[in-house]
Structure formats: structure tokens, C-alpha cells
1. Where the second residue is in a loop (DSSP other than H, G, I, E, B) and among the acidic types (Asp, Glu) and the first is in the same structural domain as PHE105 (by TED's automatic domain parsing) and at positive phi and lies in segment 80-92, which pairs have Cβ atoms under 8 Å and are six or more apart or on separate chains?
2. Which residue is surrounded by the fewest Cβ atoms within 10 Å (Cβ to Cβ), if the candidates are limited to segment 103-128 and must be over 12 Å from THR69 (Cβ atoms) and modelled with pLDDT of 95 or more?
3. Go through segment 109-120 and give me each residue that's without any contact (Cβ under 8 Å) to a residue 24 or more places away in the chain and part of a strand (DSSP E or B).
4. Looking only at segment 111-127, which residues are aromatic (Phe, Trp, Tyr) and within 25 Å of the chain's Cα centre (by Cα)?
5. Quick check on my filter: what residues within segment 1-59 are farther than 30 Å from LYS83 by Cβ and acidic (Asp, Glu)?
6. Do any residues in segment 6-23 that are over 16 Å from ASN35 (Cβ atoms) have Cβ atoms under 9 Å from those of residues that are of a type in the set (Asp, Glu), where the two are at least six apart or on different chains, and which pairs are they?
7. Do the conditions hold for CYS28, that is, is it outside any helix (DSSP H, G or I), at negative phi and outside the structural domain of TYR101 (by TED's automatic domain parsing)?
Amino acid sequence: MKKQERRCLDCGKPLQGRTDQKYCSEYCRSSYHYNLSKDKKESLYHKIDKQLKKNRRLLMAYNKAGKATLRKSVLDDAGFNPKFFTHYWKNQKGQVYLFCYEYGFLSLEENGKEKYLLVTWQEYMQKKHL
């Protein structure tokens, strides 16, 4: 009875060496696992995390000075989704700022155009518990 030849799980080349070896190289091992993960359906957690990170990245990019006003369409066209945020802060006027980590935004309307007021988290926004 002939022993079956072991082959690389990724490229199919014959394996030599250790009996528990599955791949012929580090490249094939990496390629095999990349292709497995690529075929898996993205979990809800990963979708939310991805959108939060995208929102943070966009808010950071358009708010270099710590406070800025921007047309809503500019952020929306770049893939921003205001439904995804990490926390909120309500000022004394009752306006609610939504935050993606340390970058926040407030929806406004100026001269009939929808805009976002972009801010960064400040120490005074932190409530002190007595």
C-alpha cells in the first residue's frame, strides 16, 4: 500500500519535512488564512466598529482646529453615517452633540442649508460626580 503524498493546503505543492506540516511556505500559510477570512460574512460587531472608525477618521480630517462648520453633504458623500456614535453631550442650551470617540458633531441649519458643527471633546464636558 502506497503512502499518500502530503500537499500544501494553499498551492498544492508536495510537502517535505515535518509530518504535521500543512503549508510549503509562510506565504502559503498567510494566503490560505486570508482567503478563509475573506469568504466569511462580516459580523455586526465588525460593521459597527468599521463605521465608527470611519466616522472618527472623517471628523478628525475635517476638524483640524478643534471647531469647524461643514456642509452636511460633504461628510455624507465621504461615507459618514451620523447614526453611529459612541456617546453624546448636552450643552446648557439643550443642544445634543454626538461623538465618535473624541470628535463630535452637532446638526444645524444655517441659511436653509444643513451643516455640521464639528468639535473636539473638552475637559469641561466631563461631568464631575460628587
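1. none
2. As a first pass, look at segment 103-128 and keep what is over 12 Å from THR69 (Cβ atoms): 103-104, 112, 120-128.
Now drop any that are not modelled with pLDDT of 95 or more, which leaves 103-104, 120.
Numbers: TYR103: 23, GLY104: 25, THR120: 17.
Only one residue fits best here, namely THR120.
3. Hit for segment 109-120 is GLU109, nothing else.
4. Our first condition is that a residue be aromatic (Phe, Trp, Tyr); within segment 111-127, this holds for 116, 121, 124.
Hits for segment 111-127 are TYR116, TRP121.
5. Taking segment 1-59 first, the residues farther than 30 Å from LYS83 by Cβ are 1-36.
Within segment 1-59, GLU5, ASP10, ASP20, GLU26 qualify.
6. Note: pairs meeting the criteria are PRO14/GLU5; LEU15/GLU5.
7. Numbers: outside any helix (DSSP H, G or I): no; at negative phi: yes; outside the structural domain of TYR101 (by TED's automatic domain parsing): yes.
The answer is no for CYS28.
Let's see how each residue does on (1) surrounded by fewer than 11 Cβ atoms within 10 Å (Cβ to Cβ); (2) out of contact with any Leu (no Cβ under 8 Å at 6 or more places or on another chain):
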position	(1), (2)
ASP10	no, yes
TYR45	yes, yes
LYS53	no, yes
LYS64	yes, yes
LEU70	no, no
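The values are calculated or read from the model by the stated rules, or taken from the named source; none is laboratory data. Every value quoted in this text rests on a predicted model; they were computed, and no experiment measured them. Methodologically, a virtual Cβ is constructed for each residue, glycine included, from the backbone with ideal geometry; neighbour enumeration extends over all protein chains shown.
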